[in-house]
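The values are calculated or read from the model by the stated rules, or taken from the named source; none is laboratory data. If you're wondering where the values come from, they're calculated on a predicted model, not measured in any experiment. Neighbour counts run over all protein chains shown; Cβ positions are idealised from the backbone, glycine included. For the accessible areas, the whole protein counts, side chains as well, though only heavy atoms, and no ligand, DNA or RNA atoms are used. Shrake-Rupley method; radii C 1.70, N 1.55, O 1.52, S 1.80 Å.
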Amino acid sequence: MSTNVTLDKLSRQFPRSVVETHTHRGDATAIVRKDEILAICRFLRDDPELAYDFMMDLTAVDYLGKEPRFEVVYHLYSLSKNQRVRIKARVPEADCTIDSIVSIWVAADWFEREVFDLYGIIFNGHPNLKRLLLYEGFEGHPLRKDYPLKKRQPLIGPLN
Amino acid sequence: MTDSAKNLHTEQMVINMGPSHPVTHGTVKFTVTLDGETIDDLKVDIGYLHRGFEKMCENGTWEQVMPYTDRLNYVSPLINNVGYALAVEKLFGVQAPERCQYIRVIISEMARICDHFTNIAAGAMEVGAMTVFLYFVEARDLLWDLLEELCGARVTANYVRFGGVKNDLPEGFGAKTAQAFETCRKLWVDVDKLLTKNRIFIDRMRDVGTMPAQEAIAHGFTGPCLRASGVPYDVRKAQPYLVYDQMDFEVPVGETGDNFDRYLVRMEEINQSMRIVEQALARIPRGPINLDMPALRWQSKDDTYNRIEALIFHFKTVTEGVKPPAGEIYSAVEGANGELGFYLVSDGSGKPVKCRVRPPCFPLTAAMPRMMRGRLIADIVPTFDMINMIGGECDR
């Protein structure tokens, strides 16, 4: 399949960092080590045969009980090749950080802020890593699976 | 003159626009740092409409997510319904029957037309053209009447089901649509005459909020705002879903990527969407509207009451939810604002592990500071209108 061009190239370029690749229902996925995420993303964008110029989506998933606990998920799209790829980087709870990719796709700015806000994953090198959807002073990260569904944190009065 | 202007002592002033301001439909706050009337810096504060969409999804069954999707982009809820249903079907590895696919194309395009009508209506009103608002809201209402007849709701449709739709098109739907489109086209021509060569409108829109193609891509623009910058990316063409590959339609693109081009692109997309609806209505085949797959699609009430197997399936799927095989998928449709993506993770149980929406207006709103720095405060209004931030979708 043609999407495997990306996965093949990626595995060859970063043999140590690409942990696993698979294709499920036509979605090509590469699971990579978080240390080299910046180099991998830059390669995906700049390689002329891949040219992933769109950072379509960036999110995280909490697999509570598994180790590493979090996965940061990137969905990239290449306009010229009309290809999509999903890159996943596993982030353990003990070292809940990953490098920010704002320097590669400026679109990642708010997406990373949202993930920080809702999952508490810290993006190293992000220019303005503040809560986005919730307010400053909110305690905890509600999309973590151990955040209680019905917990209330009403915001009373203005923030100062 | 210039020297005195340069040496004039000015002081920066910070003002808040919003969260409740007439132009911030939805609720959003701009913190604007002004030098005179020029914007030095702009901060966008979103989240006022955050309802915890993903948290709710993760604590409900797969079916229970469907009504929540209505409340994402509430101006075109049917596209959200279709997008979510397609994503779950991709997770299952199934496809809806052909007639259902045609119905989904029809309702998606009607929702897109409604969205563009609303966007242009509100945008024109906020730069002073009240008549346009009345005309396009009338046009939108004609379509909403049709949709109400179809699914019983004007806004919160909840019409699409996994592997099907709730009910078939009502009697005489095609004829009524043709009639409604006739009026819509007349109103379209009126609005075109009122706006497209209107000096005031052009002055407010032309060369305002400009995004060159390369920057628009880097900022993650999709939809009409990306196409206004001259990039012909449309999910319906690039990765056709449903029966879009059998439809004959054009993808309009702009040249400069300013607000006026965004307006023109949307106006033309209304026409193209009407073409698609007409083609789909003319070609729609007979046949079932639902997949015959009891583990996915609820059985009819008749079957549930009269056949024991159907009753068992009904009981299982209602209490436990349908159970997609474990796995993860990303599925995108062309929403009214751009690429509406769903990233779903299933562990094989009746509840999603993750139900992520890629909201198309989110990166557009994030680019507001880039588009507004160095411009005048009055430019915020038309730009914010034309990127069409929808609170429910942006904040989820």
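Considering segment B:53-82, and only residues there that are over 17 Å from the mean Cα position of the chain (by Cα) and within 14 Å of chain A (Cβ to nearest Cβ), the residue that is most open to solvent (accessible area, probe 1.4 Å) turns out to be B:Q64. Does A:E139 satisfy the condition of being of a type outside the set (A, V, I, L, M), over 20 Å from the mean Cα position of the chain (by Cα), open to solvent by 40 Å² or more (accessible area, probe 1.4 Å) and more than 10 Å from every other protein chain (Cβ to nearest Cβ)? The answer is yes for A:E139.
Tell me which residues, restricted to segment B:112-139, are open to solvent by 40 Å² or more (accessible area, probe 1.4 Å), out of contact with any helix residue (DSSP H, G or I) (no Cβ under 6 Å at 6 or more places or on another chain) and either closer than 22 Å to B:Q179 by Cα or basic (K, R) (or both). Within segment B:112-139, B:L134, B:E138 meet the criteria.
If you go through segment B:348-396 and pick out every residue that is under 19 Å from the mean Cα position of the chain (by Cα), among the charged types (D, E, K, R) and part of a strand (DSSP E or B), you end up with 2. Within segment B:199-223, if we keep just the residues that are of a type in the set (A, V, I, L, M) and without any contact (Cβ under 8 Å) to a residue 40 or more places away in the chain, the residue that is most open to solvent (accessible area, probe 1.4 Å) turns out to be B:A218. Can A:E71 be described as acidic (D, E), within 19 Å of A:I121 (Cβ to Cβ) and part of a strand (DSSP E or B)? For A:E71, the condition - acidic (D, E), within 19 Å of A:I121 (Cβ to Cβ) and part of a strand (DSSP E or B) - is met. Evaluate segment B:279-298: report whether one residue or more is surrounded by fewer than 22 Cβ atoms within 10 Å (Cβ to Cβ), of a type in the set (V, I, T) and farther than 25 Å from B:S108 by Cβ. For segment B:279-298, residues surrounded by fewer than 22 Cβ atoms within 10 Å (Cβ to Cβ), of a type in the set (V, I, T) and farther than 25 Å from B:S108 by Cβ: absent. Being open to solvent by less than 20 Å² (accessible area, probe 1.4 Å) and outside any helix (DSSP H, G or I) is a description that does not apply to B:A85. Residues in segment B:359-384 that are within 18 Å of B:G220 (Cα to Cα), out of contact with any strand residue (DSSP E or B) (no Cβ under 7 Å at 6 or more places or on another chain) and open to solvent by less than 10 Å² (accessible area, probe 1.4 Å): B:P359, B:C361, B:F362, B:P363, B:L364, B:A367, B:M371, B:T383, B:F384. Given the criteria in a helix (DSSP H, G or I), in contact with a strand residue (DSSP E or B) (Cβ under 7 Å, 6 or more places away or on another chain) and open to solvent by less than 40 Å² (accessible area, probe 1.4 Å), does B:I103 qualify? When the stated conditions are applied, B:I103 passes them. Applying the set (1) touching an Asp or Glu at 6+ places or on another chain (Cβ under 8 Å); (2) at pLDDT below 90; (3) closer than 30 Å to A:Y119 by Cα to B:G52 leaves exactly one unmet item: (1).
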